[in-house]
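Taking it in order: structure first as structure tokens, then the write-up.
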Amino acid sequence: MLSMIIAIANQKGGVAKTTSTLALGGLRAQQGSCLAIDLDPQGNLTTGLGVNVTDDQLTAYEVITEQAEALDAVIKTKSGLDLLPADISLAKGETELLSKVGNFYILKERLEPAQSHYQHILIDCPPSLGLLTVNALAAADRLLIPVQCQFFALKGLEALLDTIQSVKKRLNPNLQILGVLPTMAEKNTVMTQDVLSTLKNQLEAIKIFDPVPKSVKFAESNLAGEPIHQYAGEWRLVQPYRSVIQAIQSES
């Protein structure tokens, strides 16, 4: 059975894509095999899992430029989650993809040998709608969209949804939106309540997950190289991610 591929994407930075990938991957690794892919040249998922990329380490750059197989670049992390790491060289890789035939499907092709090894594959996308993100959307079965509970964070959502429709039409008709995950929610504030209301009104056909609270513990867990459930374990911080995992499992 081939794995389900879930892309975590939003072209806006600072909406907790990496934090969410860490949290979801850590929870999923408790229940079965899971691979997390760092597709962001900033490499925050890699460092957030306590990995320092060395000069001889294969990364996502070598994989997408067809210099290495995906499984050869995968490393184990202390959280139990397997990782395809990334560093700044991936920015060069995105440029190199431009000259390749079928460049929207490179990642999909490169992941095919790994799909029989994992039940789920999570892709942490960069904060852009560039070629790396489009490759992730072309490869994915489901898409999770983290959205910060701030009004300016909603502005880019329309552009992302337009991109998703284009990808579905031209590249990947099987892509489905798993849902929108509100993040950095501040309890009982007018801003958070208005954003949640706006999301539900504007996106009637898309599932809106329970919001993830704003907490310094997420940043602390990233520094510690641990998913949030291992670092803090607070129900209010972990439960929204457990709900996403349940949604993923129900569609697997």
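General observations
- Restricting the GluC sites (Glu not before Pro) of the range 21-128 to loop positions (DSSP other than H, G, I, E, B) with no more than 14 neighbouring Cβ atoms within 10 Å leaves GLU66, GLU69.
- Estimated from helical segments only, the mean residue ellipticity of the chain at 222 nm is -12500 deg cm²/dmol, where each DSSP H run of four or more residues counts as -39500 (n - 2.57).
- For the range 168-252, radius of gyration divided by Kirkwood radius, i.e. Rg to Rh on alpha-carbons: 1.03
- By the Kirkwood approach, averaging reciprocal distances over each pair of separate Cα atoms, the chain gets a hydrodynamic radius of 18.0 Å.
- A Gaussian network model of the chain, with springs between Cα atoms under 10 Å, assigns the largest mean-square fluctuation among ILE228, ILE64, ILE177 to ILE177.
- Distance violations [Cα-Cα > 25 Å] among LYS17/LYS168; LYS12/LYS108; LYS12/LYS217; LYS168/LYS214; LYS78/LYS207: LYS168/LYS214; LYS78/LYS207
- At full extension, ARG242 and GLU112 could sit 44.1 nm farther apart than now, given 0.36 nm per residue minus the alpha carbon distance.
- Restricting the range 146-180 to trypsin sites (Lys or Arg not before Pro) in coil, as DSSP defines it, with at most 13 other Cβ within 10 Å: LYS155
- Residue-normalised convex hull volume from the C-alpha trace of the range 120-221: 115 Å³ per residue.
- In sequence order, calculated HN-Hα J values of the range 142-154 (Karplus, 6.51, -1.76, 1.60; Hz; x Gly/Pro): 9, 10, 10, 10, x, 9, 5, 7, 9, 4, 5, 6, 7
- Figure legend: label point modelled 7 angstrom from the Cα of ALA159 along Cα→Cβ; residues of the range 18-34 with amide N under 19 Å from it are 18.
- Taking the convex hull of Cα positions in the range 20-86, its mean projected area over all directions (nm²): 4.2 nm²
- Gain on full stretching of the segment that runs from ILE75 to THR198 - 0.36 nm per residue minus C-alpha separation: 40.2 nm
- Extension gain, LYS92 to GLU251: 0.36 nm times the residue separation minus the Cα-Cα distance gives 53.7 nm.
- With the convex hull of the Cα atoms taken as the outline of the range 67-118, the averaged projected area works out to 4.3 nm².
Bear in mind that the values in this text are calculations on the coordinates, not laboratory data. Predicted model only: the values in this text are computed from it and were never measured. Positions of Cβ are backbone-derived with ideal geometry, glycine not excepted, and every protein chain shown enters the neighbour counts.
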